[in-house]
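One structure below.
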Amino acid sequence: MPSHLIAVVGGQYGSEGKGAIAAHLARQYHGGRPTATIRVAGPNAGHTSIDDNGTPWPLRTIPATAPVNPTERLLIAPGSEIDPTVLDHELTILERGGHPVNHRLTIDPQATILDPIYIEEETALTMHERLGSTGKGIGAARAARIMRTARTWGDRPFSGDTVAAANDTLDMGGRIIIEGTQGYGLGLHAGHYPQCTSSDCRAIDFCAMAGLNPWQANIDRFTIYVTIRPNPIRVAGNSGPLHGETTWDALGLPVELTTVTKKPRRVGSWDADLVRAAVQANGGAPTVRLAVTMMDHVHPEIAGWAGEHKIEDLPIKVRTHIWDIESDAGANVYLVGTGPATVMEVI
C-alpha cells in the first residue's frame, strides 16, 4: 500500500477547525495499515475533536486524533514546545474518559520544555496588550532555544525518536497526519509583523518541525489540506487587521471564545486575497485541497450532513458558494464541515 503524508494547516488566522479535519481524516483509517499523527508547535493553540460519544476534547498538546482513532500512534514533534502541566492534564482526562494514550504517545527528546519563566517574560513584555499574543510563553521559549538556553524533553517520560517512528510508519506504507497550528495569516513572514506568531505556518514549515521532507523516498503521496472558514477570526485585543470586521450579532451567531484564553474572538468577512495567498504559499493545487469548516453557520440546511456528496446534488446556494470559494482560492474544496462533529466529502 502506498504511503501517504497529510498536512492539515490553517489558511486564515487560526481557529479554522483543523482539529475537526484531522479527526475526520483519522477516522478513515481504523486498522489495516499503520497510522500516526504528529502534533507540532506549542500549547497556545487548542484543537477540538469530538469522539463517537459526542464528547468534545479541546487538546493543546496531544494530537486531536487521540479520541477518535484508538490505533493512532501519537507523536509530538522535535519542533514542539511542551508545558508539562498541560500534558499531564490531557493525559489524565483522556485516560479517564476512555481514550488510553499512554501506550501510544511518543515525545521527541528534542522538543522544548515550556518553563514558567517564559510566560513571565512575555507578561513583562506586555505581549498580549501590544500584539494580541496568547501569552503562553511560546515566543519566549523559541527565543531561548535560539540562544541555546532552553531545556529539552530529553529522557523524560514518553521520550523517543519521533522522526524514526514516523519514517517506520511510512516505510510500512502507512499514513501520517501532521497537525499544524495557527494559520497562514499569523506567519512570522506573512505580512502582519509584529502582530503575528513566532514562526511561519505553512505545511513546509510544519514538515520541518516534524523532521520530515515531503520529497523523501518513502513518501508516495503528499496532500495538504488548507482549512478555512467562511468568516475568519482573530483573537481578542490588538491582534492585527481583519478584513471586513463585523460582529457575531450581525452574523446571527453566538459569540465564539478562544479555546486557550477563553476570550471573545473578533470576526471578519470572507477575505479572498488571504485564502488565495495561503493556497499559493502551500504549493497550490492539486497538492493543496481545501477543507471549509462551519459551512452550517452559513447554510443551516446542510447541518449534520456526512459521507460523500456529489457537488451537483447539493442545494444550489451551497454549491454556488463552494464554486465561489474555489474560484477565489485557486483550489478545489474536498471537505466541508457541517457541524461540530460532522464533515461531508465533496466529490
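The values are calculated or read from the model by the stated rules, or taken from the named source; none is laboratory data. Please read these numbers as outputs of a predicted model, since none were measured by experiment. Cβ sites come from the backbone with ideal geometry, for glycine too, and all protein chains shown count toward neighbours. These area figures cover heavy atoms from the full protein model, side chains too; ligands, DNA and RNA do not enter into them. Shrake-Rupley method; radii C 1.70, N 1.55, O 1.52, S 1.80 Å.
Given the convex hull over the Cα atoms of region 1-61, what projected area results after averaging over all orientations, in nm²? All intermediate terms of the calculation are to be shown ahead of the outcome.
Details: hull surface 19.9 nm².
For region 1-61, the mean projected area of the Cα convex hull comes to 5.0 nm².
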Residues of type aspartates and glutamates that K310 reaches as a straight line, Cα spacing below 14 Å, ignoring anything fewer than 8 places off in the same chain: E345
Rg/Rh ratio calculated on Cα atoms of region 140-180 (Kirkwood radius): 1.13
Segment M172-W323, length gained on full extension (0.36 nm per residue, minus Cα span): 50.6 nm
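How much of the calculated P(r) for region 67-200 lies past 17 Å, in percent of all Cα pairs?
Tail of the P(r) past 17 Å holds 66 percent of the pairs.
Give the carbon-plus-sulfur fraction of the accessible surface of the chain in %, rounded to a whole number; probe 1.4 Å, heavy atoms of protein chains only. Numbers along the way, then the final one.
Numbers: 7700 of 14180 Å².
The C+S portion of the solvent-accessible surface of the chain is 54 percent.
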Where labels lie 7 Å past Cα in the beta-carbon direction, separation of T149 and R33 in nm: 4.7 nm
Exposure ranking of K18, K317, K310, K136 by accessible area [1.4 Å probe, largest first]: K317, K310, K136, K18
Rounded Å value of the spacing that divides the Cα centres of region 58-95 and region 175-214: 19 Å
Structure-derived Cα Rg over 2.2 N^0.38 Å: which label, when the choices are (i) 0.93; (ii) 1.26; (iii) 1.00: (i)
Surface per residue (accessible, 1.4 Å probe) for the chain, Å²: 41 Å²
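How many percent of all Cα-Cα pairs in region 217-347 sit more than 24 Å apart? Walk me through the numbers before you get to the answer.
Values: 2871 of 8515 pairs.
The calculated P(r) of region 217-347 puts 34 percent of pairs beyond 24 Å.
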Highest-first arrangement of 266-272, 195-201, where packing means the average Cβ count within 10 Å: 195-201, 266-272
Region 1-116: Rg to Rh, with Rh as the Kirkwood radius over Cα pairs: 0.94
Selection of chymotrypsin sites (Phe, Trp or Tyr not before Pro), region 133-236, meeting DSSP coil and at most 15 other Cβ within 10 Å: W215
CD proxy at 222 nm, helix term only [per DSSP H run n ≥ 4: -39500 (n - 2.57); per residue of the chain; nearest 500]: -7500 deg cm²/dmol
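Ratio to report: Rg/Rh of region 53-123, with Cα atoms as the point set and Rh obtained by the Kirkwood method; give two decimals.
1.00
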